Amino acid sequence: MDDRGDIETSDVGGVLERNGSSFYEDKELVGAREPLLRKVTTNNTSQIAIVGANLCPIESLDYEIVENDLFKQDWRSRKKTQIFQYIALKWTLALLIGLATGLVGFFNNLAVENIAGFKLLLTSNFMLEQRFFEAFVVFAGCNLILAAGAALLCAYVAPSAAGSGIPEVKAYLNGVDAPSILAPSTLFVKIFGSIGGVSAGFVLGKEGPMVHTGSCIAFLLGQGGSRKYRLTCTWLRYFKNDRDRRDLITCGAAAGVAAAFRAPVGGVLFALEEAASWWRSALLWRTFFTTAVVAVVLRALIEFCRGGKCGLFGEGGLIMFDLSSSVATYSAPDLIAVIVLGVLGGLLGSLYNFFLDKILRSYSVINEKGAPFKIILTITISLLTSCCAYGLPWLAKCTPCPANIREECPTIGRSGNFKNFQCPPGHYNDLASLFLNTNDDAIRNLFSKGTYDEFYISTLFVFFGAVYFLGLVTYGIAVPSGLFIPVILAGATYGRIVGTLLGPITDLDTGLFALLGAASFLGGTMRMTVSVCVILLELTNDLLMLPLVMLVLLISKTVADSFNKGVYDQIVKMKGLPYMEAHAEPYMRNLVAGDVVSGPLITFSGVEKVGSIVHALRLTGHHAFPVVNEPPFSDAPELCGLVLRSHLLVLLKRKRFTRERVATGVIEVLRRFDAFDFAKAGAGKGVKLEDLDIQEEEMDMYVDLHPITNTSPYTVVETMSLAKAAVLFRELGLRHLCVVPKTPGRPPVAGILTRHDFMPEHILGLFPRVKSND
């Protein structure tokens, strides 16, 4: 047999596996992915891998329904009660995902508010006693311990938990899988590492990690738990396929946004606009139900904490930054100011993405040296952040407390708009009010209404420069970190700067300018419009600002799109994840499907010798093989279908062989196998080649492949435009697409298209001039 056939490079991370060794198939592909893949033999999936460390192989997911004889018989034999059980389980799991994600989101907030609050109170007490050096030691020391703890977890327990996790979830829902993306260890480190990172005062948020956390919870429930950690449920056997797990993880991603921002509708729209590659009305209902459960859980727990039963947590409600009492009337000059904000947000956002790309590539030089260097980098950034947060407020001058205000001034304690810092009684330090607070409280201060004179313009410029810089250098270290909060912080700051500068010609409150600035920066970096718009409205309870938020988002996204891609799209590309875009590249119309397939294929007969199958499985890493019927099973060679590698392993494990080359028939197989024997196992649970114990005399026996062969695989003719084939491949969620010859007299299948064959690096490696000829 020839091993140049069904090249499943996308299923082994762009690498062919041959006799236990790895090699790059295409040097052009390797060059396109450097420098992040300096010393690798497989693609990378974890956030740490963006900066050159902790690589793991990737595979494609298969959302196609395998219609073999076992599957058909199973569906025919299902009773109405089983169908009802299947539907009821979908809604039950959606409920459980909502409950679990809501509880984790509340726990994260509770832990961060109490840990960070204790740290800030301790620092404030030393400051009040004029013990400034001790205050810095306590402040920086607490940050260092929390940062080191989070980095230790990420570096040694679950490297894939670092970063936001949104690019990984987005790639998974597009059909890309890796062993550690949604593992229980990743979930554990994501929760506690995020708490440590946010409490350590880093300029990062817990919102991105919450999306990853919700997806991990959904994955854990959807695969029936974890056998490794003795958390299994046999009643979840109906969900042992990629299609149902994809839907559950979509619900989990939406629930994560709902828990992080307390924005249930925004969570649904985020999953629709940014995360999911496939969508349908039934999934919309379940996702909406999941986020509604999250909102109810959060509401109940927040109300419970209002009486001071949760330590330093309990202030506020489901609306995080309330601006509803602001007067949102606007005129022509206000619209001009909004347009300026939109353009500024697009420029700053695209610049942010450009710098982030360069910094992540620079960090790869450090992180590829091993876990100790990741921890050292994290500690360095922690010390830098502490020095900025504690040192820069000394540059600000003390301001007398405003008269006739409801709030306490100066603020004695953890949060508030008026931090005393080093100032005498009756005065406050406006820069300390932003730095020596949690990120949520700093945003609340910037969004606060009726505070035109609260912050000096110089203070806002210093804070914007520091947050913009620290947000860039923090993302990429070995800590779970989200981009939403740094972007909102920076956007709200320059929005307030614009509002202060344009105060004489506009009637809008500076707090509203901060909101619009945050919207413009979010649009400029993440390129989301509808979901960000709704999330901000749910955050601020300010529906009257809807037209202005929509306008500023559209302008900032349009401006930023002329320079580069959104930040998550950039990260997906940097990771080398084979993400299928919704549209094909224009140059693909100049090629046909037959141009990119390789052959001849490794094919099996309908009744194949056991030794031939074992040899093919050992020789290749292919995940599907064409089954071709030949005489006497057909008059002429014909494509019977595709058989999956995992199904072959299950069949060989049971050793249902015959000495003669005869078809045993579906009845015999149904008597010995159940359809769920061939269902996709959870992570690390499936039968492996090493598990087979085939004796020498059994290698010459035969096995009938007809009952487990997918007899209706998707096929395209070899002359079909590659662009059309790419759209078909993505829209149907395929892993394999058979290419059949146009002319008779040839083998019944010309090749198999996989995800790798549609990647621009692969196509341009084969046809370097096709893009220039477009």
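The values are calculated or read from the model by the stated rules, or taken from the named source; none is laboratory data. The structure displayed is predicted, hence computed values, not measured ones. Note that we place each Cβ from the backbone using ideal geometry, even for glycine, and neighbour counts take in every protein chain shown. Heavy atoms of the whole protein, side chains included, go into the accessibility calculation; ligands, DNA and RNA do not. Shrake-Rupley method; radii C 1.70, N 1.55, O 1.52, S 1.80 Å.
Worth pointing out:
- Degrees between helix 722-732 axis and first principal axis of the chain (Cα, 0 to 90, nearest 10): 80
- For the stretch 264-316, the fraction of C-alpha pairs farther apart than 18 angstrom is 46 percent.
- With all protein chains modelled, accessible area of residue 721 [1.4 Å, Å²]: 30
- Cα-based Rg and Dmax for the stretch 341-393, where Dmax is the largest Cα-Cα distance (Å): 15.0, 42
- Ranking 96, 692 by solvent-accessible area of protein heavy atoms (1.4 Å probe, all protein chains present), from largest to smallest, gives 96, 692.
- Spin-label model distance (nm) - residue 130 vs residue 692, 7 Å beyond Cα toward Cβ: 8.2
- The chain, helix-only ellipticity at 222 nm - DSSP H runs n ≥ 4, -39,500 (n - 2.57), divided by all residues, nearest 500: -16500 deg cm²/dmol
- Globularity index of the stretch 98-144, i.e. its alpha-carbon radius of gyration over 2.2 N^0.38 Å: 1.54
- If the segment from residue 769 to residue 638 were pulled out straight at 0.36 nm per residue, it would be longer than the present Cα-Cα gap by 43.5 nm.
- Residue-count net charge about residue 354 - beta-carbon cut-off 12 Å; Lys, Arg +1, Asp, Glu -1: +2
- Seen from all directions on average, the stretch 458-499 presents a Cα convex hull projection of 2.8 nm².
- Within the shell of other residues whose beta carbon sits under 11 angstrom from the beta carbon of residue 740, the net charge comes to 0, with Lys and Arg scored +1 and Asp and Glu -1.
- When the inverse distances between all different Cα atoms of the chain are averaged and flipped, the Kirkwood radius reads 27.9 angstrom.
- Longest to shortest principal axis, alpha-carbon extents of the stretch 514-577, angstrom: 42, 21, 17
- C-alpha long axis of helix 530-540 to longest principal axis of the chain, angle in °: 40
- Accessible surface of residue 181 - all protein chains present, 1.4 Å probe, nearest 10 Å²: 10
- Pairs from the table (449/575; 609/724; 119/573; 90/170; 206/449) lying more than 32 angstrom apart at Cα are 449/575; 609/724; 119/573.
- Pairwise Cα distances in the stretch 383-481 exceed 21 Å in 31 percent of cases.
- Theoretical gain in end-to-end length, residue 122 to residue 719 [0.36 nm per residue, Cα-Cα removed]: 207.8 nm
- Solvent-accessible area assigned to carbon and sulfur over the stretch 632-709 amounts to 48 percent, based on a 1.4 Å probe.
- Solvent-accessible ranking of 394, 285, largest area first, probe 1.4 Å: 285, 394
- Projected label points at residue 541 and residue 598, each 7 Å from Cα along the beta carbon direction, are separated by 6.1 nanometres.
- In the complete set of protein chains, residue-level accessible area for residue 711 is approximately 60 Å², probe 1.4 angstrom.
- Cα long-axis angle, helix 610-619 against the chain (0 to 90 degrees, to the nearest 10): 40
- The stretch 140-186 - convex hull of the alpha-carbon atoms, volume per residue in Å³: 66
- Modelled FRET efficiency - R0 45 Å, residue 550 with residue 299, Cβ distances, 0.05 increments: 0.95
- Fully extended contour minus Cα-Cα distance, from residue 91 to residue 676, at 0.36 nm per residue: 208.5 nm
- Calculated FRET efficiency for the pair residue 397/residue 282, C-beta based, R₀ 51 Å, to 0.05: 0.30
- Figure note: 443, 412 ranked by solvent-accessible area, largest first, 1.4 Å probe, ligands and nucleic acids not counted: 412, 443.
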